[in-house]
Amino acid sequence: MQTQQKLEALLGQLNTVIVGKEAQVRDCVACLLAGGHLLIEDVPGVGKTTLAHALARTFGLQFARVQFTADLMPGDLVGVSVYERGREGFVFHPGPVFAQVLLADEINRASPKTQSALLEAMEEKQVTVEGETRALPHPFFVIATQNPHDQLGTFALPESQLDRFLMRISLGYPDRAAERLLLAGEDRRDLLDRLLPLLSTDELLALQQEALAVHAADPLIDYVQELLAATRSGRWFVQGLSPRAGLALVRAAKAQALLAGRNYVAPDDVQAVLPQCVAHRLVPVGTSGRSAVDQVRAMVEAVPLP
């Protein structure tokens, strides 16, 4: 099966479960093709967890889910060593982080100490337990869901952890047509149970290499640098984007171009993924009440195209 046929099949299957959210589903697929971690932020009940399940099943990846709560401890994520009398020694029992896809459900309901336990795993693809470093599976993705900060019992994610997420998306409420399909149609959990894996691990890794090989011409890189410089100018945001954020943006734009069937990145690809890639890393300047996403879009209008 050709690359475009594979990608269209992936998107098509996901859109049968998450109806009316084609743009968000495309962002999720681009994020995983770029090898990044995904943060889904929205009110409860709009399909965040269902989307994470559907992504893992469709991509054919080993899956583990952790419900983050205030009493969740780091050892509950990474695992612990337990003394076994028969072996006369300690035996390591791996935690759910040793899955290819870790769904961190309602990540901001856990304490900052537990949230920080994910940092090494997300960045280094390894964990250190009791002085020993253990590699995580390859590929390894964290798909985290998050409730709005104004809800009871939530802790804001630290900036250092937010920076590890390649993208943050929001599903929002469905439109009337999509909601009618949900209300009159089959239960989403039944649909999930019937989803077939459409990729093997090797095929996914090959697609990620294809995305990485998409060409970004010098004028396109100039455009990305202009956008990075605009975030650092002090006009739009309190602090600008780091080089790591710039690298993340280019990776996401390459994956977006691959989904569009092109072997080169266009400015449209950068603009399509820019709010999802950078808004969670930025704090708007001023007291206008404009969200970071709206501020990013306003900034894009002010930066000339190459």
Given the range 103-144 reduced to its alpha-carbon atoms as identical point scatterers, what log10 I(q)/I(0) does the Debye formula return at q = 0.16, 0.31 Å⁻¹? -0.44, -1.14
Probe 1.4 Å, heavy atoms of protein chains only: per residue, the accessible area of the range 42-180 in Å² is 48 Å²
For Thr145, distant residues with modelled amide H under 5 Å away: Ile40, Ala104, Asp105, Glu106, Ile107
HN-Hα J couplings of the range 296-306 from phi, Karplus 6.51/-1.76/1.60, θ = phi - 60°, integer Hz, Gly and Pro as x? 4, 5, 5, 5, 4, 5, 8, 9, x, 6, x
Please list, in order along the range 212-217, the HN-Hα scalar couplings obtained from phi with the Karplus expression 6.51 cos²θ - 1.76 cosθ + 1.60 (θ = phi - 60°), rounded to whole Hz, x for Gly and Pro. 5, 7, 4, 7, 10, 6
Net charge of Cβ neighbours under 14 Å - reference Gly89; Lys, Arg +1; Asp, Glu -1: -2
Rounded, prolate or oblate (a/c below 1.5 giving rounded, otherwise prolate when a/b exceeds b/c) for the chain by Cα gyration tensor: rounded
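Which value results when the Cα radius of gyration for the range 196-243 is divided by 2.2 N^0.38 Å?
On the way: Rg = 17.1 Å, N = 48, 2.2 N^0.38 = 9.6 Å.
In units of the 2.2 N^0.38 Å rule of thumb, it is 1.79.
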About the Cα centre of the chain, how large is the charge dipole given +1 on each Lys and Arg Cβ and -1 on each Asp and Glu Cβ? Please answer in debye to the nearest 20. 180 debye
Prolate/oblate/rounded label for the range 152-244 (Cα gyration tensor, a/c 1.5): oblate
Across the range 15-116, what fraction of all alpha-carbon pairs, as a whole percent, falls in each successive 5 Å bin from zero upward? 2, 11, 18, 20, 17, 12, 8, 5, 3, 2, 1, 0
How much FRET efficiency would the formula 1/(1 + (r/R0)^6) give for Arg65 and Glu130, where r is the Cβ-Cβ distance and R0 is 25 Å, rounded to 0.05? 0.50
Using the Karplus curve 6.51 cos²θ - 1.76 cosθ + 1.60 with θ = phi - 60°, work out ³J(HN,Hα) for each residue of the range 186-194 in order, rounded to whole Hz, and write x for Gly and Pro. 6, 4, 4, 5, 5, 5, 4, 4, 9
Spelling it out for Phe237: with amide H atoms placed in the peptide plane at 1.01 Å from N, the residues 5 or more places away or on another chain with amide H under 5 Å from its amide H are Val285
So with the 1.4 Å probe, I'd like the accessible area per residue for the range 197-306, rounded to whole Å². 49 Å²
Carbon and sulfur together cover what percent of the accessible area of the range 126-222 at a 1.4 Å probe radius? 54 percent
Carbon plus sulfur fraction of accessible area for the range 1-91, probe 1.4 Å, in percent: 49 percent
Stretch gain in nm, segment Gln239-Val82, where the contour uses 0.36 nm per residue and the Cα spacing is subtracted: 52.0 nm
When the chain is treated as a Gaussian network with springs between alpha carbons less than 10 Å apart, the largest mean-square fluctuation among Gly47, Gly86, Gly20 is found at Gly86
Global form of the range 1-68, assessed from the alpha-carbon gyration tensor, a/c cut-off 1.5: prolate
Using DSSP to call loops (not H, G, I, E or B), can you name the trypsin sites (Lys or Arg not before Pro) in the range 198-306 whose Cβ has at most 16 other Cβ atoms within 10 angstrom? Arg232, Arg235, Arg262, Arg290
So for the chain, averaging the separation of alpha carbon pairs under 8 Å that are six or more residues apart and normalising by length, what relative contact order in percent results? 22 percent
Assuming a viscosity of 1.002 mPa s and a temperature of 20 °C, what translational diffusion coefficient in µm² per second does Stokes-Einstein assign to the range 74-233, Rh being the Kirkwood radius over Cα pairs? 108 µm²/s
Label zone at Ala156, where the point sits 7 Å out along the Cα-to-Cβ direction: the range 99-115 residues whose backbone N lies under 14 Å: 112
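The values are calculated or read from the model by the stated rules, or taken from the named source; none is laboratory data. In this text, all values refer to a predicted model and were calculated from it rather than measured experimentally. Cβ: placed from backbone, ideal geometry, glycine included. Neighbour counts: every protein chain shown. Just the protein is used for accessible areas: all its heavy atoms, side chains included, with ligands, DNA and RNA removed. Shrake-Rupley method; radii C 1.70, N 1.55, O 1.52, S 1.80 Å.
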